[in-house]
Amino acid sequence: MPLRRAVESRARMWKIAVLAVAVVAELGGSLVAVRAEDLALHDAVSMTGVAMFLNSGAPGLIVAVVRGDDSVVQGYGETAPGSKVEPDGKSIVRLGSVSKVFATDLLAAMAAEGRVGLTDPLSRYAPVGVTIKSFGDQPFSLLDLATHSAGLPRELRDPSVKEDDGNPFLAFRRDYYWKWLEQNAPAYTPGTTAMYSNFGFGLLGEALAKAGGRPYSDLLRDKVVGPLGLSDTTTRLSDRQKPRLMVGLDPFNKPDPNWEVPQIMFASAGVYATADDMVRWMRWHLANDEKSRAALSFAHALWRPHDGLSRVVGAEVTGSDGMALGWIVSRPRDGVPLLLGKSGGIGGFMTYVVLSPNRKLGIFVAASRVNFAMFEGLRTAVRGLAAELAPAGP
């Protein structure tokens, strides 16, 4: 059984630790730090991963961790209920709303190139003939969209699309998004209220596509996915990839059919990836190399502190301090280092990723079960792992 393999793997880790002590006694100093560091990383990830898997009730769970030059990927359970195949670094998962920080990677890259400005109003990128209503005389900007502070609804379903047993995501339609903006103003002055908005990120994807003169998925591939070598990160799975897509449980504990999303949802929830790709992506975010420094500075900066906002709804306000581009920022506290975090849930998957750029630490977890009550346990466990691997100072 996969769980037995996980336990056996843990036992093997302890055997390796014993062997490492023997090696230290034989060979002395220079090898000690490397062996001990690797063991601490693997053991911390193993303990946290087993606990998260057992507490999640998910058929499968994958953890990927980057710490400096080291990385670990561990899988637990099954790729699909009853498959008896353990997930690994090449198992494909749906990122859900973690897709939003891929969209803001693209936004940051285009801003660093001067292709867009963060304070550009969305109206600059609207389809020809569309006039967008604003709250008073203040239009909302790309920055407002990327920080959930444009005053827009969380979701926007086209009421003309009837709910049935088919793909529920088909009710999210590009033409209805723009039609709504012509007829409805935002609820609040931009930048004064944080309200989580999938609708807003759909519009951000539209703006980036207009600015780049190409479909959003092409821009994401050419500016983020391709340069980083993310071979399995995509908005549409190929026939070759589909057999590796994990199958999770929906909110009613039934296998989710994994409906595809329309293009308008690519920026908010449409990305597929693997743990191996997430390791490469997290490593890039943490590297701060000269070529990417400007874009990452845009992406990681605290643009919308929660302090002073009128209200914060749906943005993990407890324990956090504000919004970067798509990321929720938590300053160091209670042993947990400064973290940029993003969660997601779609099509049988709950996901969570955190980065601690100051500590060169990144953690990604994907559980194959949609259960929002379960997510708090994942979040707590990941933050606890971050404290173990890169504890904050007093």
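The values are calculated or read from the model by the stated rules, or taken from the named source; none is laboratory data. All values derive from a computational prediction rather than experimental measurement. Note that we place each Cβ from the backbone using ideal geometry, even for glycine, and neighbour counts take in every protein chain shown.
Remarks
- Selected residue (only one of Ala381, Ala390 is touching a Pro at 6+ places or on another chain (Cβ under 9 Å), in contact (Cβ under 8 Å) with a residue 60 or more places away in the chain and surrounded by fewer than 23 Cβ atoms within 10 Å (Cβ to Cβ)): Ala390
- Just one residue in the set Leu325, Leu355 is closer than 24 Å to Gly205 by Cβ and either modelled with pLDDT under 95 or in contact with a His (Cβ under 6 Å, 6 or more places away or on another chain) (or both); that residue is Leu355.
- Of residues in region 197-241 being of a type in the set (A, V, I, L, M) and assigned to a loop (DSSP other than H, G, I, E, B), the one nearest to the chain's Cα centre (by Cα): Leu230
- The condition (being buried (at least 21 other Cβ atoms within 10 Å of the Cβ), on the phi > 0 side of the Ramachandran plot and of a type outside the set (Asp, Glu)) is satisfied by just one residue among Gly341, Gly308, Gly322: Gly322.
- Here Met323 clears all of (1) aliphatic (A, V, I, L, M); (2) within 26 Å of Gly57 (Cβ to Cβ); (3) in contact (Cβ under 8 Å) with a residue 24 or more places away in the chain except the condition numbered (2).
- Remark: pairs (first residue in region 269-292, touching a residue at least 40 places away in the same chain (Cβ under 8 Å); second residue aliphatic (A, V, I, L, M) and assigned to a helix (DSSP H, G or I); Cβ separation under 7 Å; 6+ apart in sequence or on different chains) = His285/Leu296; Asn288/Leu296.
- Residues of region 162-176 include none that is buried (at least 20 other Cβ atoms within 10 Å of the Cβ) and of a type in the set (A, V, I, L, M).
- Of all the listed residues (Asp144, Asp120), the sole one being modelled with pLDDT of 95 or more, crowded, with 23+ Cβ neighbours inside 10 Å and closer than 23 Å to Trp327 by Cβ is Asp144.
- Extreme residue, nearest to Met282 (Cα to Cα), among residues of region 328-342 that are of a type in the set (D, E, K, R) and part of a strand (DSSP E or B): Lys342
Residues checked against (1) outside any loop (DSSP other than H, G, I, E, B); (2) under 13 Å from the mean Cα position of the chain (by Cα); (3) polar (S, T, N, Q):
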{"site": "Ser320", "(1), (2), (3)": "no, no, yes"}
{"site": "Gly362", "(1), (2), (3)": "yes, yes, no"}
{"site": "Phe375", "(1), (2), (3)": "yes, no, no"}
{"site": "Val382", "(1), (2), (3)": "yes, no, no"}
